[in-house]
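The values are calculated or read from the model by the stated rules, or taken from the named source; none is laboratory data. If you're wondering where the values come from, they're calculated on a predicted model, not measured in any experiment. Cβ: placed from backbone, ideal geometry, glycine included. Neighbour counts: every protein chain shown. For accessibility, only protein heavy atoms count, side chains too; no ligands or nucleic acids. Shrake-Rupley method; radii C 1.70, N 1.55, O 1.52, S 1.80 Å.
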Amino acid sequence: MIYLDYNASTPVDPRVASLVQEASRAYANPSSTQHGAGQQAAELVEHARQRLATAVHRTPREIVFTAGASEAAAIGIIGAMLGDPYRRNAVIAATEHKAIIQAAEAGARLGGGEVRVASVGHSGLLDLSHLNELVDDSVSVVAVMAANNETGVMGPVAQASVIARNRGALFFSDVTQLLGKGDIVDVSTHADLMVCSSHKLYGPKGAGALIASRHTQKALFPVFGGGGQEFGLRGGTSNVPALAGFGLAAELATHSLPATMRRLTALRDQLWDGLRDLGAVEINGADAPRVCNTLNVRIVGADAEAVMASLPDVAVSSGSACQSAVPTPSHVLLAMGRSTTAAGESLRLSVGTPTTDADIRASIAKLFAAALRVRELTGDLERRLDDA
Ligand code: PLP
């Protein structure tokens, strides 16, 4: 099988897998620092915190470990919306991941506020003047993602953060799809809150982080405080092996970043060069800056689900994999002004470090054949319906 769905999840790097295995032997509770066994587990977590902090250009005290980006988003966004009684509203970009949309909706419901949605243009880029209109003194948090999971389009985070700051709101940016695939210095400089996830960067599943300064952490209502772990923001016994693996994965991803970006850009462009010969194809987000590994392509006249059904040995995704259990057109593509038909004809292809040249050549041939077959069948069906 050729795997081209790295935005949904990635295989665990073998070096990370051996650390996870080794760390699984540290069975004690990392909060039980009164004894050596607990200290050993705590050291693994703290080393991971240091590693992730370096990767995201922050200090260890700013890393709040969670079970993933969704959980981190809930803690950050709901926490911000309930943290200030005079600021109960949130503004989010229309193309945010469902984890962010749902967190903002929950925060609004719990605090009696509202969620305002800032529109994006045809390219998927955020409309900054619309954002500016929506942010006022009643807004606690503004969320603009660093890179979109479906199209790879990168948000204008620096400009958006200025709009948020000018009105006294916190600026939240989801870096889940950027970390390990692009430079995050700019986002890290501008964001009050960031979230990321281990399984998107060759680490184990079940680990993620909310990243915020100590000052920002104090501004959050602790919706998930529990036993006080993770600076009182994420209660519960830490998943020591997963966090240890996450830390190493983040370190490895950062060390190889320039080479990874060059390689993945070349593979993604090679994929597009092959697919464009199909004719009547277009990249969703073509005119915006995009993260290096992602290609969201519309193949006119070929329903994406039908193409995928004729491609059993190539793993791609229609819309966002995290949402594919819900058979609705992608909210991201609809927000970009695509019709339901156009959204239904769009495929997300995402390459990763294990992807080879041969994988790309073979997947072009297979995608080509599948798309032509679907186009032919669709044409046949339409002719028959016309004749009937
Ligand atoms: N944010 C983005 C941009 C994502 O792509 C994903 C996963 O698809 C998430 C958040 C949620 O991450 P997790 O699976 O760690 O909860």
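Add -39500 (n - 2.57) for each DSSP H run of 4 or more in the chain, then divide by its residues: what number comes out at 222 nm, to the nearest 500 deg cm²/dmol?
Details: 15 runs with 165 residues, N = 388.
Calculated mean residue ellipticity at 222 nm is -13000 deg cm²/dmol.
Under the 0.36 nm per residue contour assumption, what length would be gained going from the current alpha-carbon distance of S24 and E376 to full extension?
Between S24 and E376, full extension yields 121.4 nm more.
Using R₀ = 41 Å, calculate the FRET efficiency as 1/(1 + (r/R₀)^6) where r is the Cβ-Cβ separation of T33 and Y86; round to 0.05.
Numbers: r = 39 Å, r/R0 = 0.95.
Efficiency computed from Cβ-Cβ geometry: 0.55.
With a cut-off of at most 11 other beta carbons within 10 Å, and DSSP calling the residue loop, which trypsin sites (Lys or Arg not before Pro) in region 1-53 qualify? Please list them. Show your work: numbers first, answer last.
Numbers: sites: R15, R25, R49, R51; in loops: R25.
Taking region 1-53 and a limit of 11 other Cβ atoms within 10 Å, the loop trypsin sites (Lys or Arg not before Pro) found are R25.
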In degrees rounded to 10, the 0-90 angle between helix 98-111 Cα long axis and the longest Cα principal axis of the chain is 50 degrees
Using only Cα atoms, find the angle between the long axis of helix 14-23 and the longest principal axis of the chain, and express it within 0 to 90 degrees, rounded to the nearest 10. 30 degrees
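Taking loop as defined by DSSP and a crowding limit of 15 other beta carbons within 10 Å, which chymotrypsin sites (Phe, Trp or Tyr not before Pro) in region 1-63 fit? Kindly include the intermediate steps, with their values, before the conclusion.
Numbers: sites: Y3, Y6, Y27; in loops: Y6, Y27.
Answer by residue number: Y27.
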Relative counts (whole %) of C-alpha pair distances in region 14-255, using bins that are 5 Å wide: 1, 7, 15, 19, 19, 15, 11, 7, 4, 2, 0, 0
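Which whole-number value in Å² is the accessible area per residue of the chain, probe 1.4 Å?
Details: 15910 Å² over 388 residues.
For the chain, the per-residue accessible area is 41 Å².
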Please count, across region 14-255, the pairs of lysine residues with Cα atoms under 21 Å apart that sit 8 or more places apart or on different chains. 4
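Using a 1.4 Å probe on the protein chains only, how many percent of the accessible area of region 14-255 belongs to carbon and sulfur? Intermediate values should be presented prior to the final figure.
Working: 4870 of 9240 Å².
Roughly 53 percent, rounded to a whole number.
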